[in-house]
Amino acid sequence: MPAQGTTTSIETRHAIHWREAETFDTEALRENFLVPGLLAPGALNVTYTHYDRLMLAGAVPLGEPLVFTEAHAKLVGSDHHLARRELGLINIGGPGRVTADGTTFDLSFQDALYLGSGTADVTFASVDPANPAKFYINTAPAHARHPARHITKEAAKAVPLGSQETANKRTIFQYLHPDVLPTCQLVMGLTRLESGSVWNTMPAHTHDRRMEAYLYFELPENAFTVHLMGRPEATRHLVVRNEEAIVSPPWSIHCGAGTTSYAFIWSMAGDNQAFTDMDMIAMQDLR
């Protein structure tokens, strides 16, 4: 049963073919691919997608802990939500505490947590409700169980990329990654752009064997990111504000530029975990 005070919203997003997506106006693109409002104070909000069955969620505990409920179990047709799923999360708020089957993990800002399939009871809490944790959460189907693990920012694999000259100097922090820990299929990390850099990925690429999702954050109130999506020869764009997420289909490019520097969390699910499994798009081929 939910902890006292738990609120939740559950939404389902169905997969969209590129032929249909290319008929969409701006509102339809936003309705199908933009996920706002995940990180709402005092709530555990969930968007379940039919892209590799990846689930996006946000938990911002205040005075009372937040938990997965019977509705989350029903969403995946199991006795509990993680019966046959693995979970990854990154905390982008104040100090947080996650308890999983009796084991407690204290998570600082930009710490991550992995929970293997079969984990029955998960509780999300803030150490200080006045400075609440903000847990961005992904779950995906898993065929085997791997051990739970707390991954600090220092334990993540840091990969510097880009340059100031191309306005994309950034560091990729790989948390749920084969070089850091074993998972079934979920891959997850965080990219932080340096001051003066705004492009998150360029040249663009697709990876038809995996879908991807993004949560953009650390954008000031009057700032935004222009997220490019669509087939390389028929691009579209979405204006994305702070703490809004994007669902990126396998047929779509995913890159963008902000009005200022920012950070974003990326996650992938699909056929493999090879971070370099990309189909690169030549700059002159973008339309």
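The values are calculated or read from the model by the stated rules, or taken from the named source; none is laboratory data. Please read all numbers here as calculations on a predicted model, not as lab measurements. Positions of Cβ are generated from backbone atoms using ideal geometry, with glycine treated the same way; all protein chains shown enter the neighbour counts. Accessible surface areas use protein heavy atoms only, side chains included; no ligands, DNA or RNA. Shrake-Rupley method; radii C 1.70, N 1.55, O 1.52, S 1.80 Å.
I need the peptides 62-73, 152-163 ranked by packing, meaning the mean over residues of other C-beta atoms within 10 angstrom, with the highest value on top. Walk me through the numbers on the way to the answer.
On the way: 62-73: 18.5, 152-163: 14.1.
Most protected by this proxy first, the peptides run 62-73, 152-163.
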Under 5 Å, built H, 5+ apart or other chain: amide partners of Arg85: Gly118, Ala142
Evaluate the charge dipole of region 1-132 about its Cα centre and quote only its size in Debye, nearest 20, assuming +1 on the Cβ of each Lys and Arg and -1 on the Cβ of each Asp and Glu. 160
Under the rule of at least 5 residues apart or a separate chain, name every residue whose amide H is placed under 5 Å from the amide H of His207. Asp279
Charge dipole (debye, nearest 20) of the chain; +1 at Cβ of Lys and Arg, -1 at Cβ of Asp and Glu: 240
With all protein chains present, how much of the accessible area of the chain (probe radius 1.4 Å) comes from carbon and sulfur, to the nearest whole percent? 50
Taking the chain and counting helices only, DSSP H stretches of n ≥ 4 at -39,500 (n - 2.57) each over all residues, the nearest-500 ellipticity at 222 nm comes to -1500 deg cm²/dmol
Over the chain, give the accessible area per residue in Å² for a 1.4 Å probe, as an integer. 42
Beta carbons within 10 angstrom, averaged per residue: use that to sort the peptides 245-255, 27-37, highest first. 245-255, 27-37
Express the relative contact order of the chain as a whole percentage, based on alpha carbon pairs under 8 Å and six or more residues apart in sequence. 17
Calculate, axis by axis, the spread of Cα positions in region 104-216 along the three principal axes, and write the results as whole Å, longest axis first. 48, 40, 21
Using packing as a proxy for protection, rank 16-23, 103-110, 46-53 so that the peptide with the highest average count of other Cβ atoms within 10 Å comes first. 46-53, 103-110, 16-23
For region 27-37, 3J(HN,Hα) per residue [Karplus equation, 6.51 cos²θ - 1.76 cosθ + 1.60, θ = phi - 60°, Hz, x = Gly/Pro]: 5, 5, 4, 5, 5, 9, 10, 9, 10, x, x
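Place a +1 charge on the Cβ of each Lys and Arg in region 80-191 and a -1 charge on the Cβ of each Asp and Glu, then give the dipole magnitude about the Cα centre in debye, rounded to the nearest 20. Can you show the working numbers first?
Working: 10 positive and 9 negative charges, 45 e Å.
Taking the Cα centre of region 80-191 as origin, the dipole is about 220 debye.
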Can you give the Rg and Dmax of region 1-122 based on its C-alpha atoms, in angstrom? 15.7, 49
Just checking my list [x] 54, 38, 36; [y] 68, 46, 37; [z] 61, 49, 40 against Cα extents along the principal axes in Å computed from this structure; which label fits? [x]
Once amide H atoms are placed 1.01 Å from N in the peptide plane, what residues at a sequence separation of 5 or more from Thr201, or on another chain, have their amide H within under 5 Å of its amide H? Gly256
May I ask you to evaluate 6.51 cos²θ - 1.76 cosθ + 1.60, the Karplus curve with θ = phi - 60°, for each residue of region 119-125 and list the ³J(HN,Hα) values in order in whole Hz, giving x for glycine and proline? 5, 8, 10, 10, 10, 10, 9
